[in-house]
Amino acid sequence: MLAYTLRRFVGAWPTLLVLVTLSFFMVRAAPGGPFDVEKNLPPEIEANLAAKYHLDEPLWRQYLRYLGDLARGDLGPSFKYADYTVNELIAQGFPVSLRLGLAAMALALLIGLPAGMLAALRQNRPTDHVTMALAMTGISVPGFVVAPLLILVFAVGLGWVPAGGLDGGIRSWILPVVALALPLLAYIARLTRASLIEVWRSSFIRTARAKGLPLRLILLRHALKPTLLPLVSFLGPALAGVITGSVVIEAIFGIPGLGRYFVQGALNRDYTLVMGVVVFYGALIIAFNFLVDLLYALLDPRVRYS
Amino acid sequence: MDGTTSGIEAPRPVIGRGLWSDALRRLRRNRAAMTSLVLLGLLVVAVSIGPWLSPNAFDGSDWDAILLAPTWTGGHWFGTDFLGRDLLVRTLHGGRISLLVGLSATLVSLVIGVTWGATAGYLGGRVDAVMMRIVDILYALPFMFFVILLMVFFGRNIFLIFIAVGAVNWLDMARIVRGQTLSLREREFVLAAQAYGAPGWRIIARHIVPNLLGVVMVYVTLTIPQVILVESFLSFLGLGVQEPYTSWGALVNDGAQQMEAGPWLLVFPALFLALTLFCFNFLGDGLRDALDPKDR
């Protein structure tokens, strides 16, 4: 187990390096540069700007410089947000996205798990069909449709909650969290249902039922753990995705999270900002996948790593 | 004529129950999937011929009807937008583009994914390890990052969007196909083909890929809605279809910005988009249930 952990840990670094390399050269290969918007800059100023950000160096030196900075945890200065480093921008945006994402994930689990279990126990009956149809709706209707509709009904129409921003206290969090949680919730419910149906057929459940255990105990003591196992591999990457911020939800609700930097950075050719967000996100995904694998080994004694 | 045949029943012709006839039978029994299939058929017909039947052009303005609410009598069943353009025609026209994007991008991802996965799975060993490692690394890249960069490269050409989205969406397909190929290549018919000296590419094309059809079909049905979503998302960012052309994503985005002035601008395109995704997902689920040998 320890050897496996170490090997996986070591193996994660080349993946990250390839990720950094690939995205570095892809960003640079895109036409246009970070200072194209300011038109008619005198050539001297342009040269100065280029020199300040080392854009006048050959690409391979810039690449090595970036790797060197990265090794020290420095993601460089932002090109567009003058006076800000990418580290600062991420440190500003990430906590917001993180809290939003965790709240959404908690909500999704809180509703998705029981809903999936209920559907599984009522397999092929109306409760099951209705729950799964709702889940399918959650998966099919994209965030940028749900979010405006939620705003239209609950903010504009009923006036219960603010339409955007996070300044209005807990009530302003409700809509973004719900919008973010809906697709997650739907996936969790579907996975839970499929998993529990599988588990419910196994002999140890039949034994538990035969000896007359109440349903609640069968579920909690016998069925819950094996049901959750397949979910873990979904939840790892899903959690990484949801805490790094949704571009759409943050744009619609005007939330100062991490998601917006990503698109803005790419459009503005803010090389360091895009790279920073990509590397941050990639590292999180890799880390979460790593954790999921370890968690698997801990939770499921049948999994053996050699 | 009863007398002549009494006592002896003519033997019923034996109807073979192969994978496909079996699957078709199951699919027919799945009401949600069949309803979805019919709805999708209707939708395809509507977006194909609908815009021609309407007196309004998708990019033509009716200056007497700016931001008109939906009416039965005014000639604009879905209302008009702030330029007086008929929303029904625009929704149908946008549907053409959304569906086209979905189909062609899926086709691209299908070709790359199946080729990659089948090759890796069939050759196995070190080649397999390297090829799947590449897939793993690409997995760690944020998908949208790829698409946005490709959009920047290709300068917002709608036909290149198809290819760009397909070109980054083949990873799941490759993984699934590889897994299936790993077990297929151990089968007798592959051994037979190897024994009479068929080259590797030929075995993949003629013996492996046809046997993957079931899995691939399910996955294609589930990829189309994903791709339509990606296109909508790009349009939402303003990177997708350019005016006066439109897609469901672009329409939903426009509608969301004006939902206080004209909620119908959001509701109708959103309804079409959601319904389509809904149907594709239900159909894909139905196909999976129908083709899954586990429950047999």
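Below is a table of values for the structure above.
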read-out	value
Restricting the stretch A:108-159 to residues that are of a type outside the set (A, V, I, L, M, F, W, C) and within 11 Å of another protein chain (Cβ to nearest Cβ), the residue that is farthest from residue A:231 (Cα to Cα)	A:157
Residue within the stretch B:73-91 that is modelled with pLDDT of 80 or more and surrounded by 14 or more Cβ atoms within 10 Å (Cβ to Cβ) present	yes
The stretch B:250-278: number of residues that are more than 8 Å from every other protein chain (Cβ to nearest Cβ) and buried (at least 24 other Cβ atoms within 10 Å of the Cβ)	5
Residue A:104 vs. criteria under 28 Å from residue A:230 (Cα atoms), surrounded by 19 or more Cβ atoms within 10 Å (Cβ to Cβ), at pLDDT 85 or above and more than 25 Å from the chain's Cα centre (by Cα)	no
Matching residues, the stretch B:113-148, being within 13 Å of chain A (Cβ to nearest Cβ), in contact with a Gly (Cβ under 8 Å, 6 or more places away or on another chain) and either over 21 Å from residue A:20 (Cβ atoms) or not in a helix (DSSP H, G or I) (or both)	B:141, B:142
Given (1) closer than 26 Å to residue A:280 by Cβ; (2) small (Gly, Ala, Ser); (3) surrounded by 18 or more Cβ atoms within 10 Å (Cβ to Cβ), number of the condition residue A:135 does not satisfy	(1)
Residues that are buried (at least 19 other Cβ atoms within 10 Å of the Cβ), free of Cβ contacts under 8 Å to residues at least 40 places away in the same chain and of a type outside the set (A, V, I, L, M, F, W, C), drawn from the stretch B:202-237	B:207, B:235
Residue A:103 within 14 Å of another protein chain (Cβ to nearest Cβ), under 30 Å from residue A:186 (Cα atoms) and part of a helix (DSSP H, G or I)	no
Verdict on residue B:206 being within 12 Å of chain A (Cβ to nearest Cβ), of a type in the set (D, E, K, R) and over 22 Å from residue B:100 (Cα atoms)	no
Residues (of a type in the set (A, V, I, L, M), in contact (Cβ under 8 Å) with a residue 60 or more places away in the chain and out of contact with any Pro (no Cβ under 6 Å at 6 or more places or on another chain)) located in the stretch B:247-281	B:250, B:261, B:265, B:273, B:275
Residues that are under 20 Å from the mean Cα position of the chain (by Cα) and of a type in the set (A, V, I, L, M), drawn from the stretch A:133-169	A:135, A:139, A:141, A:145, A:146, A:147, A:166
Where a residue in the stretch B:188-200 is under 17 Å from residue B:124 (Cβ atoms) and its partner, wherever it lies, is surrounded by 13 or more Cβ atoms within 10 Å (Cβ to Cβ) and aliphatic (A, V, I, L, M), with Cβ under 9 Å and at least six apart	B:190/B:184; B:190/B:203; B:190/B:208; B:193/B:203; B:194/B:203; B:200/B:123
Close pairs from the stretch B:99-110: first without any contact (Cβ under 8 Å) to a residue 60 or more places away in the chain, partner crowded, with 17+ Cβ neighbours inside 10 Å, Cβ under 8 Å, at least 6 apart	B:107/B:166
Residue selected from the stretch B:149-201 under the condition within 14 Å of chain A (Cβ to nearest Cβ) and small (Gly, Ala, Ser), by the criterion surrounded by the fewest Cβ atoms within 10 Å (Cβ to Cβ)	B:155
Residue A:288, sole failed condition from (1) within 10 Å of chain B (Cβ to nearest Cβ); (2) within 21 Å of the chain's Cα centre (by Cα); (3) over 30 Å from residue A:121 (Cβ atoms)	(1)
Filter result for the condition that a residue is at pLDDT 80 or above, surrounded by fewer than 22 Cβ atoms within 10 Å (Cβ to Cβ), out of contact with any Phe, Trp or Tyr (no Cβ under 7 Å at 6 or more places or on another chain) and within 30 Å of residue A:54 (Cβ to Cβ), over A:288, A:280	A:280
Any helices (runs of 4 or more DSSP H) falling wholly within the stretch B:192-296 and containing at least 2 residues that are of a type outside the set (A, V, I, L, M) and closer than 20 Å to residue B:179 by Cα	B:200-203, B:209-236, B:264-291
Residue A:172 being within 29 Å of residue B:262 (Cα to Cα), touching a Pro at 6+ places or on another chain (Cβ under 8 Å) and polar (S, T, N, Q)	yes
For residue A:207: the one exception among (1) more than 30 Å from residue A:93 (Cα to Cα); (2) touching a helix residue (DSSP H, G or I) at 6+ places or on another chain (Cβ under 7 Å); (3) not acidic (Asp, Glu)	(2)
Criterion violated by residue A:62 - all others in (1) within 30 Å of residue A:175 (Cβ to Cβ); (2) at pLDDT 80 or above; (3) surrounded by 13 or more Cβ atoms within 10 Å (Cβ to Cβ) satisfied	(1)
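Residue by residue, here is whether (1) modelled with pLDDT of 85 or more; (2) surrounded by fewer than 17 Cβ atoms within 10 Å (Cβ to Cβ); (3) farther than 25 Å from residue B:279 by Cβ holds:
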{"position": "A:115", "(1), (2), (3)": "yes, no, no"}
{"position": "A:119", "(1), (2), (3)": "yes, no, no"}
{"position": "A:129", "(1), (2), (3)": "yes, yes, no"}
{"position": "A:145", "(1), (2), (3)": "no, no, no"}
{"position": "A:150", "(1), (2), (3)": "no, no, no"}
{"position": "A:154", "(1), (2), (3)": "no, no, yes"}
{"position": "A:169", "(1), (2), (3)": "no, yes, yes"}
{"position": "A:175", "(1), (2), (3)": "yes, no, yes"}
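A quick yes/no check of all residues on (1) among the charged types (D, E, K, R); (2) touching a Phe, Trp or Tyr at 6+ places or on another chain (Cβ under 9 Å); (3) touching a residue at least 24 places away in the same chain (Cβ under 8 Å); (4) closer than 16 Å to residue A:27 by Cα:
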position	(1), (2), (3), (4)
A:43	no, no, no, no
A:55	no, yes, no, yes
A:68	no, no, no, no
A:78	no, yes, yes, yes
A:84	no, no, no, no
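The values are calculated or read from the model by the stated rules, or taken from the named source; none is laboratory data. Quick caveat, the model's predicted, so the values are computed rather than measured. FYI the Cβ positions are ideal-geometry reconstructions off the backbone, even for glycines, and counts take in every protein chain you see.
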